[in-house]
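The values are calculated or read from the model by the stated rules, or taken from the named source; none is laboratory data. Everything quoted here is computed from the prediction, not taken from an experiment. When we count neighbours, we look across all protein chains shown, and the Cβ atoms used for this are built from the backbone with ideal geometry, even at glycine. For the accessible areas, the whole protein counts, side chains as well, though only heavy atoms, and no ligand, DNA or RNA atoms are used. Shrake-Rupley method; radii C 1.70, N 1.55, O 1.52, S 1.80 Å.
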Amino acid sequence: MRRLIFACIFLSIIGYSCGRQGDNRSSADIEERDSVDVELITGSRLSMNSVWDYYPESERAVSLRLQSEDINAFNDEGRYSLFAIDDSVRMPTDNEFDIIYSKINDEAPGYEQNVILRSKMPFKPCRYMVMRIGSGDDTLVTEFRVVSGKEVNTLLKSKISDYFSSKNSVKNDTVACNVYSFGVTAGDSIEVDMAHDSPKMRELFYDNVLNYSALKFTGAIEPEIYTGQVITDTLGVSMNTLESVYPDTVSEVQFVLHNNSGKSLCFGTPYAVARLVDGKWTKLYHSGIWNMPLFIIDSGGESEIMTAKLYRPINDISSGEYLIYKKVYFEGEREKSWTISARFSIK
């Protein structure tokens, strides 16, 4: 096989447990959060915490979550005070704020209500404590931290990088398999690129990596459907997996691209895997950004063995029929590219 570099897009991709190489677009085990949720009460039926551990300094609203097993506990709106914390010294702030209450939601086994404190002036970067005093002098407190633009680029990015560094040797970590890149964008937001973007995947990121109000996520919400032809052998080019049937514990599949055409065959690193669901080839989520080298298989019966990863933590790898497919073309005929496939089963 001859290898030619057609185009090399050098992208930083986070290195972790699903077998990808190191990434540095930027890429925490994560330390204990800076926020602390505490109840300083006797007999209160409510608990309170900050929805977010971190906010950018551009934020003017703080979100709190009240929870109780008794819906009547929400009848007491309480009084809210905000304190800045500096070297463990608590100081009242000058922030005046409007209080916005959401409707009370039934979140079994109890109830939940969000309270937004909308400040009339900016927050300075530091730790804060919110104190809620009920009508019976029951007191609840929770903490959060406002970070500067510099801290977004240092503290918060480090937390994310440290998480993925700690997962390099851990197999089947769902967050590590799903997130392939991240970076700070305008307005102190952090954009997180996912193979699969869903409420569940976001919650896993918040709970395990970073709970920051200015996170933005990208990724496929629903799997793509492959509608192209399933061609395994044509024009002297064929593709097959090393085995036709794999056990339901398989995490990667080797496949072989054969060139018996008499022409040089070109192909790149990208491939896709799909599972037959209700008569449709449903593409598996694939974590990562492809680099784009061009490979060539010489004519005369040459072959190339490759490996397709199934990314089990973010895909439903169950018994059924599967398809690996990728683009190929003859040298000098790129405009006539086609998709070659290999089928296999999991039982």
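Give the residue that is modelled with the lowest pLDDT, with candidates limited to residues of the range 247-273 that are surrounded by fewer than 20 Cβ atoms within 10 Å (Cβ to Cβ) and in a strand (DSSP E or B).
G268
Just a yes or no: is a residue in the range 279-294 modelled with pLDDT of 95 or more, among the basic types (K, R), touching a strand residue (DSSP E or B) at 6+ places or on another chain (Cβ under 7 Å) and more than 15 Å from F344 (Cβ to Cβ)?
Yes.
What single numbered condition from (1) open to solvent by 50 Å² or more (accessible area, probe 1.4 Å); (2) more than 28 Å from the chain's Cα centre (by Cα) fails to hold for I231?
(1) is the only condition that I231 fails.
Assuming K326 fulfils every condition listed in (1) in a loop (DSSP other than H, G, I, E, B); (2) of a type in the set (D, E, K, R); (3) out of contact with any strand residue (DSSP E or B) (no Cβ under 6 Å at 6 or more places or on another chain) apart from one, which condition is it?
(1)
Every residue, every condition in (1) in contact with a helix residue (DSSP H, G or I) (Cβ under 6 Å, 6 or more places away or on another chain); (2) of a type in the set (F, W, Y); (3) more than 27 Å from V184 (Cβ to Cβ), yes or no:
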site: Y55; (1), (2), (3): no, yes, no
site: R65; (1), (2), (3): no, no, no
site: A73; (1), (2), (3): no, no, yes
site: F83; (1), (2), (3): no, yes, yes
site: V89; (1), (2), (3): no, no, yes
site: D94; (1), (2), (3): no, no, yes
site: Y101; (1), (2), (3): no, yes, yes
site: E107; (1), (2), (3): no, no, yes
site: Y111; (1), (2), (3): yes, yes, yes
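Of all residues in the range 165-222, which are part of a loop (DSSP other than H, G, I, E, B), open to solvent by less than 20 Å² (accessible area, probe 1.4 Å) and closer than 22 Å to S50 by Cβ?
Of everything in the range 165-222, those that are part of a loop (DSSP other than H, G, I, E, B), open to solvent by less than 20 Å² (accessible area, probe 1.4 Å) and closer than 22 Å to S50 by Cβ turn out to be S189, V209, L210, N211, A214.
So which residues in the range 98-122 are within 16 Å of E57 (Cα to Cα) and either touching a strand residue (DSSP E or B) at 6+ places or on another chain (Cβ under 8 Å) or among the aliphatic types (A, V, I, L, M) (or both), if there are any at all?
Result: L117, R118, S119, K120, M121.
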